[in-house]
Every structure is written in C-alpha cells, then in structure tokens.
1. Enter the per residue convex hull volume of the chain, computed from alpha-carbon coordinates, in Å³ rounded to the nearest integer.
2. What value, in deg cm²/dmol to 500, does the helix sum -39500 (n - 2.57) over DSSP H runs of n ≥ 4 give at 222 nm once divided by the residues of the chain?
3. Quick check: pseudo-label points 7 Å beyond the Cα along Cα→Cβ at residue 33 and residue 68, how many nm apart are they?
4. In debye, nearest 20, what is the charge dipole magnitude of the chain about its Cα centre with +1 on Lys and Arg Cβ and -1 on Asp and Glu Cβ, if you could check?
Amino acid sequence: MPDLKIRVFKEGQSSPETTVTIPGGVLNIASRLIPKRATDALQEKGIKLDEIIRLSENPKARGTLVEVEEQRKKESIVIALE
C-alpha cells in the first residue's frame, strides 16, 4: 500500500516547507485521528479523504492526486500516493 504524502510549498520555493507522510499500512486507522478541522478544510477544497483512502488500497495507484494553489496564502499543497 503506498504512503500518503502531503507537501506544502511556499510560493517560489522548490522544496516543501512542510511534509506529512502517513504510511499506507495505517492510513485507514490514521485517518480517524485527523482533527475534524483538518478534514473540513480538505472538504472545503473538494478533497474527500475517504476516496483517497479507497484509492490507496489499489497497489497500482501512485503519483499526485491533488494540487491546490492558495493564491492569497502564496502556497500550494500537493497530495500524492508514493
């Protein structure tokens, strides 16, 4: 099962400011530990965590799933299965 990686980039930077890695083997359990505020923020951007978990169960699913650009915050968020 691939790991879920969430990277936050500040505008103009090639390296992420923050990287969160959730091992694929515990993704389903770990998703229940994510604060409601965080899952609500994902949903506001149209990102469904339960669909990402479902997709992660496919061993062939790899690569960038979602890239969100926050113009006002001058940052981008990349969610990938690796």
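Any read-out appearing in this document is the output of simple, stated calculations on the displayed coordinates, not a laboratory observation. Only a predicted model underlies this, so the values are computations on that prediction, with no experimental measurement involved. Don't worry about glycine lacking a Cβ; one is built from the backbone with ideal geometry, like all the others, and counts go over all protein chains shown.
1. Details: hull volume 7.2 nm³, N = 82.
About 87 Å³ per residue, rounded to a whole number.
2. Numbers: 3 runs with 22 residues, N = 82.
-7000 deg cm²/dmol, from helical runs alone.
3. 2.1
4. Values: 14 positive and 13 negative charges, 25 e Å.
Here the chain has a charge dipole of around 120 debye.
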